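Participant: Can you keep this structure in mind? I'll have questions shortly.
What follows draws every value from the coordinates through simple rules; no lab data is involved. Keep in mind it's a predicted model, so treat the numbers as computed, not measured. When we count neighbours, we look across all protein chains shown, and the Cβ atoms used for this are built from the backbone with ideal geometry, even at glycine.
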Amino acid sequence: MDRCIVLVDAGYLLGAAASLLAGEPSRSRITVDHTALIQGLRERAESDTERPLLRIYWFDGAPDRVPQPEHRRLRVMPRVTVRLGALTRSDGRWAQKGVDAAMHAELTELARNRACSDIVLVTGDGDLLPGMMAAKEHGVAVHLWAVQAADGDYNQSEDLVAEADERRVLDRTWITKAVRAKELGGICAPPPVPRPEIAAILSAPLPESALASAERSAEEREHPPAATASENGTRERVPAPKGVPTPKDLAALRAPGGGQTDKQPASATLRWSSDRGWVDRPGVAAEPPEVASMPTLAQLTTAEQRWADREEDITTVGGDPFEVGQVFARRWMERLGDQSHLQKLSGMYPRIPHRVDGELLRYAARFGLLAHKDDQIDEHDRYAIRAGFWREIDARTTAEPASAGE
């Protein structure tokens, strides 16, 4: 058949692109426009082979072979088929399992069935050498594409390069049409403007204990503490105290005598949530009933809306942390019947009630923000998620008074 097929090892393509653009092979350091990438692969394949495209096979790994958001978006694109191997964690690193075997099986099967005249391989794995040789024996022309290496050297198996019929390099100019490096810090959008009440807390004088700790920390930086001998004779370094105020230090500012001049409730405290759930410290009072009763998005969403949300997540939501927070907040506000909850939430800035915050982070995890990050959302991504949430809340609460005045 006079047509071409493209087999893409996503781990190689995106890992090499990350090395080229961000200096390290971590895919979390890049942002990918999959629509532009697939279109670029199709146009390049049809141009190089002078054959119409039959299909692009996208091979990638996923935890427990469960499709991630990028895989769900890819598999609904025209002429794209996604094949998933396992993504396992070993010695603190993620590794793909079964991807090269799946590519080998697909390559040989396509050639044996004469499904095409040309096959484009985007990979560097030498394990595909037997499959490439078998395809050639069935009369298929094999084109091998490489991603430009960051150091200018080869990033493919030498045997694979030698066996290919045609070779091409996807250079930086081609790659940057669909892939870009994330900004340092991982925040892809500006944070919301700080509110005066929060600025007042952070600018207030610290308790004496925190100031003393900061002074000790400065001294220790100039004169590092000597190592001390432990019971078994080994030398251990005494950890230096942190000079940065803790949530407990900041909470003390809001208590009587803590340095805050404004009147604050005696039980006021700063409480922090995370992707691992909400933890109340012993002795901390429960949330007020009006906060505890604030509805979650799941409670406000019907079955029909849940289906529509899933379709929107697959087809239009890119997965940028800031954007994810905005989408979640927009849906929550649109379905909120009692608008008094919105005003209460706005007055709680920057803390999000733990039930809503936990749901927000679980929603963000659907977009692959847990992958390649030690099974937890990166600190900068969590900041960006919540910043996007508050930006959308602020946009609604500031627009409503203006509309009412008109």
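Participant: Nearest 0.05, what FRET efficiency do GLN299 and LYS97 give at R0 = 41 Å with Cβ-Cβ as r? Before the final figure, lay out the partial values.
Facilitator: On the way: r = 39 Å, r/R0 = 0.95.
With a Förster radius of 41 Å, E is 0.55.
Participant: Another question, if that's okay. Hey, got the dipole for region 55-194? About the Cα centre, +1 on K and R Cβ, -1 on D and E Cβ, debye to the nearest 20?
Facilitator: Values: 19 positive and 20 negative charges, 174 e Å.
Using only the charged Cβ atoms, the result is roughly 840 debye.
Participant: Using the per-residue mean of other Cβ atoms lying within 10 Å as a proxy for protection, in what order, highest first, do the peptides 138-144, 156-162, 381-387 fall? Mind dumping the intermediate values first?
Facilitator: On the way: 138-144: 18.1, 156-162: 15.1, 381-387: 23.4.
So the order, starting with the most tightly packed, is 381-387, 138-144, 156-162.
Participant: Report the gain in length on full extension from ARG72 to HIS380: 0.36 nm times residue separation, minus Cα-Cα distance, nm rounded to one decimal.
Facilitator: On the way: separation 308, 0.36 × 308 = 110.88 nm, distance 2.49 nm.
Stretched out fully, the ARG72 to HIS380 stretch lengthens by 108.4 nm.
Participant: Another one. Which order do the peptides 3-13, 38-48 come out in when sorted by mean C-beta neighbours inside 10 angstrom, highest first?
Facilitator: On the way: 3-13: 24.1, 38-48: 17.1.
Highest-to-lowest ranking by the protection proxy: 3-13, 38-48.
Participant: Between ASP171 and ARG351, what's the calculated FRET efficiency when r is the beta-carbon distance and R0 is 51 Å? Round to 0.05. Walk me through the intermediate numbers first.
Facilitator: Numbers: r = 47 Å, r/R0 = 0.93.
So the FRET efficiency works out to roughly 0.60.
Participant: Go ahead and run the numbers for FRET between THR315 and ARG65, Cβ-Cβ distance against an R0 of 22 Å, rounding to 0.05. Could you put the intermediate results ahead of the total?
Facilitator: Numbers: r = 22 Å, r/R0 = 1.01.
The pair THR315/ARG65 has a calculated efficiency of 0.50.
Participant: I've got another one for you. Say each of ALA162 and ARG79 gets a label point 7 Å from the Cα, pointing the same way as Cα to Cβ; how far apart are those two points in nm?
Facilitator: Placing both labels 7 Å along Cα→Cβ, they lie 3.4 nm apart.
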